[in-house]
Amino acid sequence: MTAATSESSAPRTLVILGAGGDLTARLLLPGLASLLASPRGEAVRLIGVDRSESSDEAWRKRVETAFSDAPSKLAETIVAETTYVQADVSDPASLERVLAAAGPNVALYFALPPAITLLACKALRKLELPKGIMLALEKPFGTDYASARSLNRLLQHLVPEEQVFRVDHFLGKSTVLNLLGLRFANRIFEPLLSADNVERVDIVFDEQLALEGRAGYYDRAGALIDMIQSHLLLVLAFAAMEPPASVDAEDLRGGMAQVLRATRPWKANGTESRRARYGAGTIGDRELPAYIDEQGVDPSHHTETLAEMTLAIDNWRWAGVPFVLRSGKALADTRQEIVFTFKPVPHLPSGLHGMKTPARLRIGLKPASLDLDLMINGEDDPFELDPVALHAELQAGQLSAYGEVLSSILEGDPTLSVRGDVAEQCWRIVAPVLKAWRKDEVSIDTYPAGTAGPRSWH
Ligand SMILES: O=P(O)(O)OC[C@H]1O[C@@H](O)[C@H](O)[C@@H](O)[C@@H]1O
């Protein structure tokens, strides 16, 4: 990847707005620690910003704790030097103080709820921003197509597109990035991945995790927005895009945008979709209450915890092939994979019998794995077919997904950032489904936590 030239050779200053929040402690700081401890780690300055009163000392302690799993010399330096600024990020004067403390070559990371991020961006419009400043925004990027568009317009007034980093940590997952190497560096798969040979594609992200105290956010988002609108559509883009000329920011993101522009719900009215919500149940030794009884949940929101939608891609390569995207919480198993299911052979020689399962290429997102499910001649009766799986366990990337994302932000390289038009396309694609669900045109099923989903779905 090519790094955009930074405006100064001084180390980048990473300013985390929302330093006291959960995201900072759980994902950003550990991600930064994993980057610093890796051979790709470079000196960086860190400033924590939040509205509550605190001290450099208390902030350093937080950073030190979050860094403890991946110690390094660089991490030690950051802990010793990092500072805390108390500021209301919706106030231009406060943000001006923050920028003055940061100096040149700064990346502002908005680890904030979307409404506050919007206020902070509006406040930034009133200021002269340092040249080359990177703005990193967490998902959800807007709340629908229209709000994503207006947020994009606001950002255009602040900095050029290549300095906006719309974070989707799935683009930092080594297993998602593996799709590029697998598809475009091996002649044996790519010619097969098209409507001529593929019957359907499934992108599944089932979790055992439940609400985990995130009602404030999740109860308004639900599984469709939380996972499909953001993460899984980007995975679809990598799985279905045309081979790009290069994997630089322009070509890769252009390829993603092109395939997403051709993507739509299988039925225009969004009813080729399913939704469900977990009831009380048990996962391992955890007893879970029904979703609607979880703390902070408002049953009148009708939030789904399991969502599935079928998509069509209107282009030469994929016309007529259903892409089924599904994600859910509190399920029996963690199943996270992309599955290409191949069509039957045009003619099975008579005398060969026992064809049970179609050929499948399965790419595991977690754990990282690769499987090719095939039928071959059996051991006992050589004319009786038996299923066989070629299985490879892959090395997970050295960096966590957040480490990868932070590395790109600090290098000023937007390749792994969701481009503005791509974020808008993702909202456009799910809009008919959201509308159908709001109008109750698709009923909401239930499943006991710890099961494989509603019985009627199997
Ligand atoms: O498995 P990972 O990398 O934590 O990603 C899944 C998570 O991604 C987050 O973006 C979602 O908000 C969570 O609900 C989900 O659990």
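The values are calculated or read from the model by the stated rules, or taken from the named source; none is laboratory data. Here the structure is a predicted model, which means the values were calculated and not measured. Using ideal geometry, Cβ is built from the backbone for each residue, glycine included, and neighbour counts are taken over all protein chains shown. Quick note on the areas: whole protein, heavy atoms, side chains included, nothing else; ligands and nucleic acids left out. Shrake-Rupley method; radii C 1.70, N 1.55, O 1.52, S 1.80 Å.
For a straight C-alpha distance cut-off of 30 angstrom, the lysines reachable from Lys435 (same-chain residues fewer than eight places away being disregarded) are Lys122, Lys139, Lys267, Lys329. Our note on the geometry: Cα centres of segment 40-117 and segment 313-354, 45 Å apart. Taking the helices alone, the chain has a mean residue ellipticity at 222 nm of -9000 deg cm²/dmol, built from -39,500 (n - 2.57) per DSSP H run of at least 4 residues and averaged over all its residues.
Distance between the modelled labels on Glu190 and Leu209, one decimal in nanometres: 3.4 nm (7 Å Cα→Cβ projection). Charged side chains reduced to their Cβ positions (Lys and Arg at +1, Asp and Glu at -1) give segment 12-138 a dipole of some 340 debye around its Cα centre. Can you give me the % of accessible surface on the chain that is carbon or sulfur? Probe 1.4 Å, all protein chains present, nothing else counted. On the chain, the fraction of accessible area on carbon and sulfur atoms equals 53 percent. Applying the criteria of a DSSP loop state and at most 11 other Cβ atoms within 10 Å to the chymotrypsin sites (Phe, Trp or Tyr not before Pro) of segment 312-410 yields Trp316, Phe383. Rounded, prolate or oblate: which fits segment 244-386 when a ≥ b ≥ c are the square roots of the eigenvalues of the alpha-carbon gyration tensor, with rounded for a/c under 1.5 and prolate only if a/b beats b/c? Here segment 244-386 falls in the oblate category. Label sites at Gln395 and Ser52, each approximated as a point 7 angstrom past Cα along Cα to Cβ, lie 4.1 nm apart. Remark: the chain carries 46 Å² of accessible area per residue (probe radius 1.4 Å; ligands, DNA and RNA excluded). Beta-bridge orientation, the chain: approximately 55 percent antiparallel, per DSSP, counting only bridges with both partners inside.
Taking the Cα centre of segment 253-307 as origin and assigning +1 to Lys and Arg Cβ atoms and -1 to Asp and Glu Cβ atoms, the resulting dipole is close to 620 debye. The fraction of all Cα pairs in segment 12-138 landing in successive 10 Å bins from 0 to the largest distance is 13, 48, 32, 7, 0, given as whole percents. Here each label is just a point 7 Å from Cα along the line to Cβ, and for Ala245 and Ala10 those points are 3.7 nm apart. Cross-link partners of Lys366 among aspartates and glutamates, defined as those whose alpha carbon lies under 20 angstrom from its own and excluding same-chain residues fewer than eight positions apart: Asp168, Asp202, Asp206, Glu207, Glu212, Asp226, Glu308, Asp333, Glu337, Glu393, Glu404.
For Phe67, the solvent-accessible surface computed with a 1.4 Å probe is close to 10 Å², ligands and nucleic acids excluded.
The distance from the alpha carbon centre of segment 193-227 to that of segment 128-173 is 23 Å, rounded to a whole number. Taken along its three principal axes, the alpha carbon spread of the chain comes to 78, 49, 42 Å, from the longest extent down to the shortest. Say the dipole of the chain comes from +1 at the beta carbon of Lys and Arg and -1 at that of Asp and Glu; which of Pro432, Pro346, Val442 then lies farthest toward its positive end? Result: Pro432, furthest along the dipole toward the positive end. The loop-placed GluC sites (Glu not before Pro) in segment 1-95, going by DSSP, that have at most 14 neighbouring Cβ atoms within 10 Å of their Cβ come out as Glu7, Glu42, Glu53. Bridgeable lysines around Lys343 (alpha carbons under 17 Å apart, same-chain partners fewer than 8 residues away excluded): Lys356.
Rounded, prolate or oblate for segment 40-89? Axes are the square roots of the Cα gyration tensor eigenvalues, ordered a ≥ b ≥ c, and the cut-off for rounded is a/c under 1.5. The shape class here is prolate.
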